[in-house]
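Data block below; observations after.
Every number in this text was worked out from the coordinates using simple rules, so none of it is lab data. If you're wondering where the values come from, they're calculated on a predicted model, not measured in any experiment. Cβ placement follows ideal geometry from the backbone for every residue including glycine, while neighbour counts extend to all protein chains displayed.
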There are 2 protein chains.
Amino acid sequence: DHVVVAGFGTTGSEAVDELIARGTDPRQIVVIECDGDAAARAEALGCNVLQGDATRDATLEDVKLSRASAMIVAAGRDDTSILITLTARHLAEKLPVSVIVKAEDNELPARQAGATTVINPVSFAGLLLANSSGSRHIANYITDLASVRGSVALNERAVTAQEVGKPLAAIATGLGMRIYRDGKPYGFTDPECEALQPGDLIVEVVRRTRPA
Amino acid sequence: DHVVVAGFGTTGSEAVDELIARGTDPRQIVVIECDGDAAARAEALGCNVLQGDATRDATLEDVKLSRASAMIVAAGRDDTSILITLTARHLAEKLPVSVIVKAEDNELPARQAGATTVINPVSFAGLLLANSSGSRHIANYITDLASVRGSVALNERAVTAQEVGKPLAAIATGLGMRIYRDGKPYGFTDPECEALQPGDLIVEVVRRTRPA
Ligand SMILES: [Ca+2]
Ligand SMILES: [Ca+2]
């Protein structure tokens, strides 16, 4: 039940920092990195490190990919990241794989390669810029939501037996934003959210103990 | 009441795309770009374009920066972006200025230069990666929040006279997430949100008409 991180450049290392800040034990993180200096930095954080080429089946088998809980791919080049994604998908059919893609053109190929989440940093930065031009606080609020630091966080969890039949607005753990039912999303104003059902996934905003 | 965009590389052009998708008239967007090809792409969208160097006072005076409603800085290099920010702040004391910074070390200097919002695409991508490793939907939910596309958006607005005295949870326009009172943030579980006051700013999640 470990997390495999392919690529420990700036983005991969930011992701690992955040995972550790969220409470992931560094020993549960396996970093694959070919560069020796980057590999040493990952080791210094307490991660398991395999110095090798994550595009190769043998490397992904060495890190027991088929038993991992998730994979993060940030190889620094879109072609490499997409090849790693393809290789990973072929070895671990159901593994959640999140991949960084720099060119918009490569978002669709990354999905076709089997990525469950495709993140384009440039495109996201453009969204944040546009948000911040009309309002002072929204870009910061989104950053707070995305980070374990600050005063709020997003949480995804299964509905509990006690919550079944009640409205999403009545959950006591946070503000209910959206549910996923049979894989489909329903927002807080949709009629589907008036009565939670067994098997629903809830996305909620939770307060953290530290003030903003 | 125009928006000035300094730099029309990939990030600046994504920001302009999103502004137009949100309903900003392209004629209200003034792009400053030294590269001729990029300038032509901005012109093709209907933006006003000044081909020039945004680090110079004269250029920013030409685009009437002191009368702009906001500025977006994405020059492609941190040193250039920070110098543009400094120049802009000196010409327009109260202008909201959002700047893209690539190296974490440069976030603090960008703030010291007068930026109101500093966005680091790499660091944000790392946060999204970490979010997506533990849950299938959160990175996508954050992207939906940040973009005008999809089923939800974040909105920042002043409290209305009718809402004063009522709790944040009672607003009818969306889900109230946070208020800013005298510049300080209070979250939905804080006692300050039990009675809205004149002058409060509300950050809310609103549904969009199109389904997810
Ligand atoms: Ca947070
Ligand atoms: Ca949206």
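Just a few scattered comments:
- The alpha-carbon atoms of region A:1-117, seen along their principal axes, cover 35, 27, 26 angstrom, with the largest extent given first.
- Derived scalar couplings between HN and Hα for region A:156-170 equal 10, 8, 7, 5, 8, 4, 5, 8, 4, x, 8, x, 4, 5, 8 Hz in order, rounded to whole Hz, by the Karplus curve 6.51 cos²θ - 1.76 cosθ + 1.60 (θ = phi - 60°), x for Gly and Pro.
- Placed amide H near residue A:5: partners under 5 Å, 5+ positions off or other chain: A:30, A:31, A:32, A:72
- Residue exposure sequence - A:66, A:132 - by fewest surrounding Cβ within 10 Å: A:66, A:132
- Set against the 2.2 N^0.38 Å expectation for a compact globular protein, region A:144-212 has a Cα radius of gyration ratio of 1.12.
- Proximal charge balance of residue A:130 [Cβ under 9 Å; K/R count +1, D/E count -1]: -2
- Simple spin-label estimate for residue A:184 and residue A:66 in nanometres, 7 Å along Cα-Cβ: 3.5
- Rounded to the nearest 20 debye, dipole of chain B from Cβ charges on Lys, Arg, Asp, Glu: 620
- Note on chain B: GNM, Cα springs under 10 Å; of B:151, B:123, B:133, the largest mean-square fluctuation is that of B:133.
- Chain lengthening between residue B:22 and residue B:148 when straightened (0.36 nm per residue, less Cα-Cα): 44.8 nm
- Percent RCO, i.e. relative contact order, over chain B, from Cα pairs under 8 Å lying at least 6 residues apart: 14
- Reciprocal mean inverse distance between Cα atoms of region A:84-156 - Kirkwood radius, Å: 14.2
- Global dimensions of the protein assembly as shown from alpha-carbon coordinates: Rg and Dmax equal 22.1, 65 Å.
- Highest-MSF residue in chain B out of B:111, B:89, B:178 [GNM, Cα springs under 10 Å]: B:178
- Computed over neighbours whose Cβ is under 12 Å from that of residue B:35, the net charge equals -2, Lys and Arg +1, Asp and Glu -1.
- 7 Å along Cα→Cβ, label-point gaps from residue B:9 to other copies, nm, shortest first: 1.4
- Estimated inter-spin distance, residue B:35 and residue A:58, nm [label 7 Å along Cα→Cβ]: 4.1
- Reciprocal mean inverse distance between Cα atoms of region B:77-212 - Kirkwood radius, Å: 17.3
- Cβ-placed point charges (K, R +1; D, E -1), dipole of region A:159-204 about Cα centre in debye, nearest 20: 40
- Each other copy places its own label point for residue A:173 at 3.1 nm from this one, sorted shortest first, where the point lies 7 Å along the Cα-to-beta carbon line.
- Sorted shortest first, the separations between the residue B:66 label point and its copies elsewhere in the assembly read 7.1 nm; each point sits 7 Å from Cα along the Cα-to-Cβ line.
- Residue of chain B whose Cβ sits closest to the axis mapping B onto A, with distance in whole Å: B:121, 2
- Taking B:38, B:103, B:195 as the candidate residues, the one with maximal mean-square fluctuation in a Gaussian network model of chain B, Cα springs under 10 Å, is B:195.
- Sequence of B:84, A:20, A:82 once ranked by neighbouring C-beta atoms within 10 Å, starting from the fewest: A:20, A:82, B:84
- Neighbour counts of C-beta atoms inside 10 Å place A:117, A:80, A:87, A:173 in the sequence A:173, A:80, A:87, A:117, starting with the fewest.
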